[in-house]
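Scroll down for the structure; my scribbles are underneath it.
The values are calculated or read from the model by the stated rules, or taken from the named source; none is laboratory data. Predicted model, so just to flag it, every value in this text is computed and none were measured. Here the Cβ positions follow ideal geometry from the backbone for every residue, glycine too, while neighbour counts run over all protein chains shown.
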Amino acid sequence: MIAADTPSLLAIHARARAWAGVMRLPFRQQRWRGQSGEQMGTGTGSSLDFQDHRAYFPGDDPRQINWQAYARTGNYSMKLYREEVRPLVDLILDVSASMFAFPDKEQRALELFAYAVEASLQTGATLRCFAIRGQTHRHIENDAVLSARWPQEVENLPADDSAPALHHVPVRAGAMRILISDLLFPADPDPMLLPLSTRSGRGIVFAPFSTEECDPRWDGNYDFIDAETTRAHEHRIDPELLTRYEDAYRRHFTLWKSAAQKHGIALARVSSTADFQKALQAEALPAGAVEM
């Protein structure tokens, strides 16, 4: 399944910490509710960002009384400040076999996962990670992610060539929900993407892809192996068939992007050949999936 060993995964996380210092997840595009943290929330709290004032009620904290206003009016009033909260991030990694079909694609998928982890933790977000394959998902503890033990925990997920059942994942209300998946499923995008945006969630999809998929140079007889089922298929590829494949591939992702736009989800395809930062900026930056 996942070929990368523990030292390789730890090295990826080390690079991801640097990437997260340059490209941030778009936390500023959403108002948050949650535990005390560094992001601006929708309630009131004790930050330095003044929001409003109201009349004093017995039992209020006297430290928040506006004494200057009292000196002018003789009435007690309270200063209200913008609440600082800790954002919620639910990160879902698709561990279908197609995600690791090519070495460069596996590398990019693991880099995206590590980047999302580090970018969340650097912002002080409350992070929960899940691995999903078809109808089965598994929660991965953060210490297993950071210590690179998580691949062993998901190896025994049953083989399943169906689309990830995101509606089974217990995402939290108001969370930023990040899906890392190649989206190579013969499924209707609408019901699959809907769980990323319901209950005031903000959905982001990073879709790694390889040149072998988007721009193949097939010509002649080939024995193709289905990445999910390992079944072999013999095909003779001629220019006409290759053109039909390329057209179908483009239509497939046009449908996914249209569905993502409909649900207010930022979808960015990420090439596995370019430098990570350049590959992420190509679509993720204009789509609002990351910000500098």
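Sort out which residues of region 147-170 are among the hydrophobic types (A, V, I, L, M, F, W, C) and assigned to a loop (DSSP other than H, G, I, E, B), and write them in order of number.
Ala148, Leu157, Ala159, Ala163, Ala165, Val169, listed by residue number.
Okay, residues lined up against (1) modelled with pLDDT under 60; (2) touching a Ser or Thr at 6+ places or on another chain (Cβ under 6 Å):
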position: Arg24; (1), (2): no, no
position: Gln30; (1), (2): yes, no
position: Gly45; (1), (2): yes, no
position: His53; (1), (2): no, yes
position: Ala71; (1), (2): no, no
position: Lys79; (1), (2): no, no
position: Leu93; (1), (2): no, no
position: Ser96; (1), (2): no, no
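With Ala131, Ala144, Ala116, Ala173 as the choices, which residue is within 17 Å of the chain's Cα centre (by Cα) and either part of a helix (DSSP H, G or I) or among the polar types (S, T, N, Q) (or both)?
Ala116
Tell me, please, whether a residue that is surrounded by 12 or more Cβ atoms within 10 Å (Cβ to Cβ) and touching a Ser or Thr at 6+ places or on another chain (Cβ under 8 Å) can be found in region 191-200.
There is no residue in region 191-200 that is surrounded by 12 or more Cβ atoms within 10 Å (Cβ to Cβ) and touching a Ser or Thr at 6+ places or on another chain (Cβ under 8 Å).
For the condition out of contact with any Leu (no Cβ under 6 Å at 6 or more places or on another chain) and either surrounded by fewer than 20 Cβ atoms within 10 Å (Cβ to Cβ) or not assigned by TED's automatic domain parsing to the domain that holds Lys278 (or both), what is the one hit in Pro170, Pro164?
The conditions single out Pro170.
Going by the structure shown, is Lys257 on the phi < 0 side of the Ramachandran plot, in contact (Cβ under 8 Å) with a residue 60 or more places away in the chain and not hydrophobic (A, V, I, L, M, F, W, C)?
Here the answer is no, as Lys257 does not meet what is asked.
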